Amino acid sequence: MTYDRLIVGLDIGGTTMKAGVVTDAGRLLAEPTIVSTEPEQGQTIGLRKMVNVIRDAIDAAKVDLEQIQAIGVAAPGPLDLRTGMMLEPPNLKPWRNVPVRQFIADDFQKPTAFQNDANAAAYGEWWCGAGRGAGSLVMFTLGTGIGGGIVLNGRIVEGAHSHGGELGHIKVELTNARPCGCGQRGCLEAYVSAPAIVARADEALTRSDDRSTLRNLLPLSAQAVFESAAAGDLVAEGIVDETARYLAMAAANAMHTIDPEVIVFGGGISLAGEPFLQRIRKHVSEFAFPTPAQKCRIEAAKLGAHAGIIGAAGCARHLDPDSRLHAGSLG
Ligand SMILES: [Zn+2]
């Protein structure tokens, strides 16, 4: 079979690296290939694994390297997008200053894009997911941490120092602000990450003598809190509603910054689905101007677990096929 354009997407995570061949319509040709990252083995082996998992993905898709136009890589921050390096990713110790884009571009002799994983996911949703056709999109990825990405007029907002779209660390609380993993206080991530939801639920149980099914589910998980809320537990419902309110505050901040057409929520707790989105929409009107509050769409992500691969591939799809080295992450 022939295709207009094929791109490989590579998604580097703390536990696994996944790669897949993606068509120009954002469709994976085969199930992604996966290898465990094992960062403790060092970054030289890590770079070798990246190359191998990409080769495996090309084999799995039953295409030839010559058919691949470009490669896109999504990696956890902090990154230097200008030089294509991972700096000191906290989940990939002891890696430091890893020249990912250069290594992959040299090995495959293909134009290579390099992007923050949350930015890549946002780009994927804009390209072929919940934000398809939108002029502008803001995405929050909810999980152990909170990722953010902004796409404006078809381009990722990378910022002057590779820190554009760090929405997990916009401030949502000043009073008795919770500490964040980044070292500051009051960040969105300190309230709505999965561990933060569990911590707030634990504290709510300690504070009150209310009967709650959560007391039978210790140690808690964020999923247990959401399930108990859906089943009518009032303590859990209070935590879930407060979570929606913080996310609504963050969404309103995004509306007042770029006034996006759509805001997308992805990652683990987006599995809570439409009722949770409905709570966020309801709270948005407390914080946002009436027009964006009414008109900005708030949607669940559509690309699921493959958002990183597809988004990374999307970031590479406009790279010049004749060039081998790129000054910018989007070419
Ligand atoms: Zn923070």
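Restricting the first member to the range 150-178 and to residues that are in contact (Cβ under 8 Å) with a residue 60 or more places away in the chain, and the second to residues that are acidic (D, E), the beta-carbon pairs closer than 8 Å and six or more apart or on different chains are S162/D80.
I'm checking my understanding of the structure. Among residues of the range 133-182 that are open to solvent by 70 Å² or more (accessible area, probe 1.4 Å) and of a type in the set (V, I, T), which one is farthest from the ligand (Cβ to nearest atom)?
The qualifying residue farthest from the ligand (Cβ to nearest atom) is T175.
Restricting attention to the range 77-86, the residues being over 18 Å from V157 (Cβ atoms), part of a loop (DSSP other than H, G, I, E, B) and under 18 Å from the mean Cα position of the chain (by Cα) number 0. Once the range 206-253 is narrowed to residues that are of a type in the set (G, A, S) and touching a strand residue (DSSP E or B) at 6+ places or on another chain (Cβ under 8 Å), the residue that is nearest to P275 (Cα to Cα) is A251. Restricting E166, E158, E125 to residues that are of a type in the set (D, E), under 11 Å from the mean Cα position of the chain (by Cα) and within 19 Å of A113 (Cβ to Cβ) narrows the list to E125. Taking the stated definitions as given, is S221 more than 16 Å from the ligand (Cβ to nearest atom), open to solvent by 20 Å² or more (accessible area, probe 1.4 Å), under 24 Å from the mean Cα position of the chain (by Cα) and modelled with pLDDT of 95 or more? Answer is yes for this residue. A count restricted to the range 200-209 and to residues that are more than 22 Å from T144 (Cβ to Cβ) and either in contact (Cβ under 8 Å) with a residue 40 or more places away in the chain or open to solvent by less than 90 Å² (accessible area, probe 1.4 Å) (or both) stands at 1. One residue alone among I269, I280 is open to solvent by less than 30 Å² (accessible area, probe 1.4 Å), at pLDDT 95 or above and not small (G, A, S), and that residue is I280. Taken over the range 170-215, the criterion of being among the aliphatic types (A, V, I, L, M) and not in a loop (DSSP other than H, G, I, E, B) is satisfied by A190, V192, A194, A196, I197, V198, A199, A201, A204, L205, L214.
Of the set (1) part of a helix (DSSP H, G or I); (2) more than 16 Å from the ligand (Cβ to nearest atom), all apply to A130 but (1). If we scan the range 237-245, do we find a residue that is within 16 Å of the ligand (Cβ to nearest atom), surrounded by 15 or more Cβ atoms within 10 Å (Cβ to Cβ), touching a residue at least 12 places away in the same chain (Cβ under 8 Å) and of a type in the set (K, R)? Among the residues of the range 237-245, not one is within 16 Å of the ligand (Cβ to nearest atom), surrounded by 15 or more Cβ atoms within 10 Å (Cβ to Cβ), touching a residue at least 12 places away in the same chain (Cβ under 8 Å) and of a type in the set (K, R), which makes the answer no. Listed by first and then second residue, the pairs with beta-carbon distance under 7 Å, at least 6 apart or on different chains, first residue in the range 180-199 and over 14 Å from P219 (Cα atoms) and free of Cβ contacts under 8 Å to residues at least 40 places away in the same chain, second more than 11 Å from the ligand (Cβ to nearest atom) and open to solvent by 20 Å² or more (accessible area, probe 1.4 Å), are G186/E173; G186/L174. Taking the range 117-140 as the range and being among the small types (G, A, S) and free of Cβ contacts under 8 Å to residues at least 12 places away in the same chain as the test, only G133 passes.
Filter the range 17-36 for residues that are under 20 Å from T112 (Cα atoms) and of a type in the set (S, T, N, Q); which is surrounded by the fewest Cβ atoms within 10 Å (Cβ to Cβ)? Filtering the range 17-36 for residues that are under 20 Å from T112 (Cα atoms) and of a type in the set (S, T, N, Q), the one surrounded by the fewest Cβ atoms within 10 Å (Cβ to Cβ) comes out as T23.
The values are calculated or read from the model by the stated rules, or taken from the named source; none is laboratory data. Just so it is clear, the structure is predicted and the values come from calculations on it, not from any experiment. Cβ atoms come from the backbone with ideal geometry, glycine included; neighbour counts cover every protein chain shown. Only protein heavy atoms, including side chains, enter the accessible area calculation; ligands, DNA and RNA are left aside. Shrake-Rupley method; radii C 1.70, N 1.55, O 1.52, S 1.80 Å.
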